[in-house]
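Enquirer: Submitted below is the structure of interest, expressed as structure tokens.
The values are calculated or read from the model by the stated rules, or taken from the named source; none is laboratory data. Because the structure is predicted, anything quoted here is derived from the model rather than measured. Don't worry about glycine lacking a Cβ; one is built from the backbone with ideal geometry, like all the others, and counts go over all protein chains shown. Just the protein is used for accessible areas: all its heavy atoms, side chains included, with ligands, DNA and RNA removed. Shrake-Rupley method; radii C 1.70, N 1.55, O 1.52, S 1.80 Å.
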Amino acid sequence: MITILPPEIVLNVLRYCSIQELCGLLLVSQEWNAFVKENESTVYHAAAIYHNFIGPRTTLEEAHSNCTGRWLNNLKGWKDLCQRWFRVEKSWEGRGDTPAKSLLRSTGDDVHRFKLEERENERFVITTHRRGGLRVTCMDTDTILFELGKNYVRHFAHCEYGNGFLIFDRLHPHALEIWRLESLDCSKLHPNSHYKPDEMQLNAPLRIADPTAEFPRRGTFAPWALFTPPNNPRAYRFVYPTLLIGSEDGQELYLFDVPSARLEKIIPIPAEDDVLDLGVHISYVELGARHVFVCSPDSVLIIPRSRSSERGAQSVHLNFPSADPGLRIPQLVRHYAARLVPAFRPQKNDALREHIVTAPSLPEQSTALVRLGDDPQDFTAVHVSPSGKDFVAITWLGVIYLVCDFERVFRGEKTFSDITLRINMDAPASNLAFDYDRVLFLTTRGVFVLSLHTVPHGIIAPHAHAGRAPPAPNPFPALTAHQLVHFRSAHPLRLVSCAQLTRTGVWLDWSARALEEAEGRCTPLDEDELLGFAAALVEENPYARRMVCHIEFAPHGLQTSSAGGSRVGSPG
């Protein structure tokens, strides 16, 4: 074929070849080897698009700047880019480099919530704290760049961040402060004067690492707006450019455009029970491309963003999972749910342990020991994919719901039972994250990463496990699961309050003492010592002294050295 067809047609065919197929092609003959090498840039540029490493119009410079970290420094070309991403994907599957662990000690030992900025010229972590205050810490140098005092940002404050905008709740519980990065170009933005910062915000007691530095100063924020919702906010979520606020008092959702500081829409929350109409208790809210999600103890309400603002107006919404008879009884859901069991297979590294998603071992008719009652689902969090098609929800009772293309239920094409994979972890679940085709969640038994492999043309083929029955239905047949081995201690896991997922790593608040114990550098505390602390959250408890911890899956050998973070353990 290579001697018969024009080169441009051959190159067009190679656009549909995976990296593995290209490697095999190099071994077919000297002619193929020479052809691929002669057109190396074109061939591997197409491979990067094929595997979703980059977008169709992304340049090599943009591919470097759009990705986080320094592991793409000194990039030599498209083939080099594909090789480095291949190593990242192998690391996530436990078949590559051992993930490196580091602690950002300047984030403090009382971290409550944190958000990440990984763009090359910024690279910082924003933290709020149990004892109050807000801090911005440099990822590279582990130093404080910006800080708002404990008397200004309340204890246990929540925060949101995206595209240079920071949102947190102030001491007055009825208002949300919005700040912007100094480096953000706001010349074309004209915020609504109705929501301009007040005097308290403009005179906030802040500390800047280097006040004499030239503008814009790295990691430094300035007041942008102050949003006081019509009713007290209960929970909020920011997905640029929209801030979603849920009010339990008013049973309303507010959609607020942050760059323009404008209240775009008020959506009434439909009642979970049309008969009693007691109002929805809001545990969590989430914002999708076309829907908003309200997480309550009993269910997850899915409401189209196009819903009318008129209270009482007829509109279609979904109540998950009680809209489906097959998922209505929590006890039976847990009984029939799939399980995660360890895979008895040698691992490439000792930091990840592979698990298998398998059908429950009990016969389906064996429900004699299932106690039926009025137990709630106890939903604690829900997250939607960036595409707005899939979502994941977790319950305090340890059930993980993975729902594939839920809009088919709106259209009447499927039921939730048809498109939902349920996994019973048999342990309370918390701290959910869903991005880059992966799900991160914590239970009191460990930290788990599920790779859904819904993106076409993945580069890692899942292992086959003979003798294990797959769950049915299984809308995610290529799913793989791994547990982070060094994060299995039950006492520290109960205290984790935040976890984040990036394309190359996992972030969570963790105790330095717990990490040292997991790596064998000190002996674990015994039960008598733990009881001596009287309460799990007292400051004397070393497990309660939690700072931001980073588990990095990017290739270590390609990273340049920096002073950031105290490296823990061997890079492998």
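Enquirer: With every protein chain left in place, what is the accessible area per residue of region 194-235 in square angstrom, probe 1.4 Å?
Expert: On the way: 2530 Å² over 42 residues.
Ligands and nucleic acids excluded, the result is 60 Å² per residue.
Enquirer: Rounded, prolate or oblate: pick one for region 205-272, where a ≥ b ≥ c are the square roots of the eigenvalues of its C-alpha gyration tensor, a/c under 1.5 means rounded, and failing that, prolate if a/b is larger than b/c, else oblate.
Expert: Working: a/c = 3.48, a/b = 2.70, b/c = 1.29.
Here region 205-272 falls in the prolate category.
Enquirer: Given C-alpha coordinates of region 396-526, what is the ratio Rg to Rh with the Kirkwood estimate of Rh?
Expert: Numbers: Rg = 16.9 Å, Rh = 16.6 Å.
When Rh is taken as the Kirkwood radius, the ratio is 1.02.
Enquirer: Now a separate question. Determine the order of H281, H45 by accessible area, beginning with the largest, at a probe radius of 1.4 Å.
Expert: Numbers: H281 85, H45 50 Å².
Ranking H281, H45 by accessible area, largest first, yields H281, H45.
Enquirer: Tell me, what is the per residue accessible area of region 1-71 in Å², probe radius 1.4 Å? Show your work: numbers first, answer last.
Expert: Values: 4210 Å² over 71 residues.
On a per-residue basis, region 1-71 sits at 59 Å².
Enquirer: I would also like to ask the following. So how far apart, in nm, are the two label points at V316 and N121 if each is 7 Å from Cα heading toward Cβ?
Expert: With each label placed 7 Å out from Cα toward Cβ, I get 4.5 nm.
Enquirer: Of the options A48, A222, I4, report the single residue whose Cα projects farthest towards the positive end of the charge dipole of the chain (beta-carbon charges: Lys, Arg +1; Asp, Glu -1).
Expert: Looking along the dipole axis, the top candidate is I4.
Enquirer: Calculate how large, on average over all directions, the projected area of the Cα convex hull of region 1-145 is; give the answer in nm² to one decimal. Each step should come with its number before you reach the end.
Expert: Details: hull surface 43.9 nm².
Over every viewing direction, the Cα hull of region 1-145 projects on average to 11.0 nm².
Enquirer: Continuing with the same structure: Going by average Cβ density within 10 Å per residue, which order do the peptides 193-202, 377-386, 213-222 take, highest to lowest?
Expert: Numbers: 193-202: 13.9, 377-386: 21.5, 213-222: 16.5.
For the peptides 193-202, 377-386, 213-222, the packing ranking is 377-386, 213-222, 193-202.
Enquirer: Over the Cα atoms, compute the radius of gyration (one decimal) and Dmax (the largest Cα-Cα distance, rounded to a whole number) for region 15-73, in Å.
Expert: Just the Cα atoms of region 15-73 yield Rg and Dmax of 13.1, 38 Å.
Enquirer: Then there is this: First compute the accessible area of the chain with a 1.4 Å probe, then give the percent of it belonging to carbon and sulfur atoms.
Expert: Working: 13110 of 25480 Å².
With neighbouring chains kept in place, the figure for the chain is 51 percent.
Enquirer: Determine the alpha carbon to alpha carbon distance for each of K150/K265; K90/K115; K101/K348; K79/K389; K389/K414; K196/K389 and list only those over 24 Å. Before the final figure, lay out the partial values.
Expert: On the way: K150/K265 33 Å; K90/K115 26 Å; K101/K348 17 Å; K79/K389 32 Å; K389/K414 14 Å; K196/K389 35 Å.
Cα-Cα > 24 Å for K150/K265; K90/K115; K79/K389; K196/K389; rest within.
Enquirer: Nearest 20 debye, what's the magnitude of the dipole of region 109-249 about its Cα centre given +1 on Lys and Arg Cβ and -1 on Asp and Glu Cβ? Each step should come with its number before you reach the end.
Expert: Values: 18 positive and 20 negative charges, 55 e Å.
With only Lys, Arg, Asp and Glu charged at Cβ, the dipole is about 260 debye.
Enquirer: Now a separate question. Just want the answer: with Cβ charges of +1 for Lys and Arg and -1 for Asp and Glu, which residue in A343, H129, P268 is farthest toward the dipole's positive end in the chain?
Expert: Most positive-ward Cα: A343.
Enquirer: Determine the dipole magnitude for the chain: charges of +1 sit on the beta-carbon of Lys and Arg, -1 on that of Asp and Glu, nothing else is charged, the reference point is the Cα centre, and the result goes in debye to the nearest 20.
Expert: Details: 59 positive and 67 negative charges, 137 e Å.
Its charge dipole is roughly 660 debye.
Enquirer: Take N232 and R95, extend 7 Å from each Cα along the Cα→Cβ direction, and tell me the distance between the two endpoints in nm.
Expert: Going from the N232 label point to the R95 one covers 5.3 nm.
Enquirer: Give, as ranges by residue number, the residues of region 477-503 whose backbone N falls under 20 Å from the point 7 Å along Cα→Cβ of T523.
Expert: Within reach of a label on T523: 489-492.
Enquirer: Same structure again: In nanometres, what is the gap between the two model label sites at A427 and L26, each 7 Å from Cα along Cα-to-Cβ?
Expert: 4.2
Enquirer: Here's another thing I want to ask about it. Return the FRET efficiency for the residue pair V341, D257: r is the Cβ-Cβ distance, R0 is 35 Å, and the value is rounded to the nearest 0.05. Walk me through the numbers before you get to the answer.
Expert: On the way: r = 46 Å, r/R0 = 1.32.
Computed FRET efficiency for V341 and D257: 0.15.
Enquirer: Would you compute, from DSSP H runs of 4+ residues alone, the mean residue ellipticity of the chain at 222 nm, taking -39500 (n - 2.57) per run and dividing by the full residue count, rounded to the nearest 500? Walk me through the numbers before you get to the answer.
Expert: Working: 13 runs with 95 residues, N = 572.
It comes out at -4500 deg cm²/dmol, rounded to the nearest 500.
Enquirer: Ok, one more. Taking the chain as the region of interest, what is the percent of Cα-Cα pairs per 10 angstrom bin, listed from the shortest bin to the one with the maximum distance?
Expert: Once binned at 10 Å, the Cα pair distances of the chain give 3, 16, 25, 27, 19, 8, 2, 0, 0.
Enquirer: Let me ask you something else. Check cross-link reach from K188 to the aspartates and glutamates: straight Cα distance under 16 Å, and skip same-chain residues fewer than eight apart.
Expert: Within the straight-line cut-off, K188 pairs with D257.
Enquirer: Keeping all protein chains in the complex and leaving out DNA, RNA and ligands, what accessible area do you get for I19 with a 1.4 Å probe, in Å² to the nearest 10?
Expert: Ignoring ligands and nucleic acids, I19 comes out at about 20 Å².
Enquirer: Can you give the charge dipole size of region 39-80 about its Cα centre, rounded to the nearest 20 debye, using +1 on the beta carbon of Lys and Arg and -1 on the beta carbon of Asp and Glu?
Expert: On the way: 4 positive and 4 negative charges, 13 e Å.
Here the size comes out at about 60 debye.
Enquirer: Okay, next question. If packing is taken as the mean number of other Cβ atoms within 10 Å per residue, what is the order of 516-524, 231-239, highest first? Walk me through the numbers on the way to the answer.
Expert: Numbers: 516-524: 13.6, 231-239: 19.2.
In descending order of packing, they fall as 231-239, 516-524.
Enquirer: Additional query: Between region 485-503 and region 143-212, what is the C-alpha centre distance in whole Å?
Expert: Cα centroid to Cα centroid, the span is 28 Å.
Enquirer: If I stretch the segment between N33 and C186 completely, what's the gain in nm (0.36 nm per residue apart, minus their alpha carbon distance), one decimal? Please list the in-between numbers first.
Expert: Numbers: separation 153, 0.36 × 153 = 55.08 nm, distance 5.10 nm.
Residue separation times 0.36 nm, minus the Cα-Cα distance, leaves 50.0 nm.
Enquirer: Which sequence of K265, K348 reflects their accessible areas, 1.4 Å probe, from the largest down? Before the final figure, lay out the partial values.
Expert: Details: K265 50, K348 140 Å².
My answer, sorted largest first, is K348, K265.
Enquirer: On full extension of the chain, what length is gained from A289 through S18, given 0.36 nm per residue of separation minus the C-alpha to C-alpha distance? Intermediate values should be presented prior to the final figure.
Expert: Details: separation 271, 0.36 × 271 = 97.56 nm, distance 3.02 nm.
Net length gain for the segment: 94.5 nm.
Enquirer: In whole Hz and in residue order, list the ³J(HN,Hα) couplings for region 260-269 that follow from phi through the Karplus curve 6.51 cos²θ - 1.76 cosθ + 1.60, θ = phi - 60°; x for Gly and Pro.
Expert: Coupling constants for region 260-269: 9, 6, 10, 7, 7, 7, 10, 10, x, 7 Hz.
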